[in-house]
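For reference, the structure discussed in these notes is given below.
The values are calculated or read from the model by the stated rules, or taken from the named source; none is laboratory data. From a predicted model like this one, the values you see are computed outputs, not experimental measurements. No Cβ is skipped: glycine too gets one built from the backbone with ideal geometry, and neighbour counts run over all protein chains shown.
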Amino acid sequence: MAARALARGMGTFFKECTCKAPTRCPHPYKIRYRDAAGKQREESGYGTQDKATARLTELYQSKKGAQKAGPSDGENIAAQSLDDFASNWISHRARGLKDNSVESYERALTVHIAPRLGSRKIGTFTASTVDNFVGDMMLDDVGSAAQVNAYKVLRLVINSARRRGALTLDPFMDATPPDHQRKDIVIPTLEELNLIRHHAHDEDLRLVMEMMTGCGLRNGEAHATNVNGLVSQDVYRINDQIHGRQRVPAPLKHRNWGEFRETPMPAKTRAYLMQYTETHPADSQGYLLTNGGRGGAGVGGSPYYSGNAFRHKWQKVLCAAGITAGYTMYSLRHFFASNCLAMGIPITDVAEWMGHKSIEVTYRSYRHLMPSSIGRAAKLLDTAI
């Protein structure tokens, strides 16, 4: 096991064994440090990382002399419970985050972290603590995506405390993160899509479907469909989205206010949008999908649709169409991506149109849909030689 260094001048701890999981094997830790005279020394026989680091801390403090009277900021934080520190952390952190990120962090803290670790003192976190936390979530059948998010939020909180001196060792250094297995993407065929369209009698639902299928919009982006986005006959500009829970316009994912992206708009998609505007005029800001004017404001006074507004209607349409596959409305966005790639459009363009943070996201999700280029390459190479 490679030596682990602590703060400058404190020394290192390590194991000399070759076990595959040295943090869990029974072999003792050794420590290496310099005494007051600057001579390097070693000690062994420490059963855990905590005991090794405690001894190094003791030696360091004795070498540097007595600390100033009164506890340091790090000591105060180390004595706080995770609940107390995380509550203060999220209130400060919120100033630099999007609303949906704050909600995601708060949900992870409230639902998954606090019930398992809330009362634990910050200064007592170790790699074993983190591993046990992940193991408990697995035993409780927490979904892999939720496990990954909770692990990420916990790491952000603990790292914040560690940077302020509450911990000398990163407990995540030797911890094993949860493994997120993406669910297989299910995509309706064109025949199924046409069958769904035939049974989708709700015009608002149908507009959302057409914008997701034809332009690759996310649900919230489709809810914010705006006539001002028609910047060309074949281009649609996405300026914002409707925040699912708060039901207000919000910046696009991975973007700030004023930033936008553009996607191709097929003629059929544009035709349905224009047909929709004939009977459902836009509001003063150009938004089309509002409850105002068609029954007044919705729940909470917002005229916009919530994130789950069409879920029940969507399931009824699938049932009426006799489709039993597990399609969600997000499957329509997958249809857009698969349609683009099947037509030979470069994946770099598809990633930009879909608003992915990086092309790796697009590649991981849709690599299996890309037409194989090996056979085509072999023919070209054969011609060249």
Scanning the range 69-109 residue by residue, those modelled with pLDDT under 75, in contact with a strand residue (DSSP E or B) (Cβ under 8 Å, 6 or more places away or on another chain) and surrounded by fewer than 16 Cβ atoms within 10 Å (Cβ to Cβ) turn out to be Asp99
Answer from Asn149, Asn132 - the residue that is surrounded by fewer than 16 Cβ atoms within 10 Å (Cβ to Cβ) and assigned to a helix (DSSP H, G or I): Asn132
The conditions are (1) under 19 Å from Thr23 (Cα atoms); (2) hydrophobic (A, V, I, L, M, F, W, C); (3) over 21 Å from the mean Cα position of the chain (by Cα), and Val134 fails exactly one of them. Which is it? (3)
Residue count for the range 260-292, restricted to those that are charged (D, E, K, R) and either part of a loop (DSSP other than H, G, I, E, B) or outside the structural domain of Gln241 (by TED's automatic domain parsing) (or both): 1
Any pair with Cβ under 7 angstrom, 6 or more apart, that starts in the range 103-118 at a residue that is in the same structural domain as Asn132 (by TED's automatic domain parsing) and ends at one that is of a type in the set (S, T, N, Q) and surrounded by fewer than 17 Cβ atoms within 10 Å (Cβ to Cβ): Gly118/Ser81
Any residue that is of a type in the set (Gly, Ala, Ser) and not assigned by TED's automatic domain parsing to the domain that holds Asp84 - is there at least one of those in the range 192-203? yes
I'd like to know if the range 52-62 contains one or more residues that are at positive phi and either at pLDDT 80 or above or surrounded by fewer than 15 Cβ atoms within 10 Å (Cβ to Cβ) (or both). no
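Return the residues of the range 208-258 that are aliphatic (A, V, I, L, M) and part of a strand (DSSP E or B); say none if nothing qualifies.
Here is the first cut: in the range 208-258, the residues aliphatic (A, V, I, L, M) are 208-209, 211-212, 217, 222, 224, 227, 230-231, 235, 238, 242, 248, 250, 252.
Within the range 208-258, Leu230, Val231, Val235, Ile238, Ile242, Ala250 qualify.
Criterion first (crowded, with 17+ Cβ neighbours inside 10 Å, modelled with pLDDT of 85 or more and of a type in the set (A, V, I, L, M)) does Met343 satisfy it? Outline the logic, then answer.
Values: crowded, with 17+ Cβ neighbours inside 10 Å: no; modelled with pLDDT of 85 or more: yes; of a type in the set (A, V, I, L, M): yes.
Answer is no for this residue.
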Can you pull out the residues in the range 130-155 that are touching a residue at least 24 places away in the same chain (Cβ under 8 Å) and of a type in the set (Asp, Glu)? Asp131
Take Tyr363 and decide whether it is at pLDDT 90 or above, of a type in the set (Ser, Thr, Tyr) and out of contact with any Ser or Thr (no Cβ under 9 Å at 6 or more places or on another chain). no
Within the range 247-296, of all residues that are closer than 16 Å to Met211 by Cβ and of a type in the set (Val, Ile, Thr), the one surrounded by the fewest Cβ atoms within 10 Å (Cβ to Cβ) is Thr277
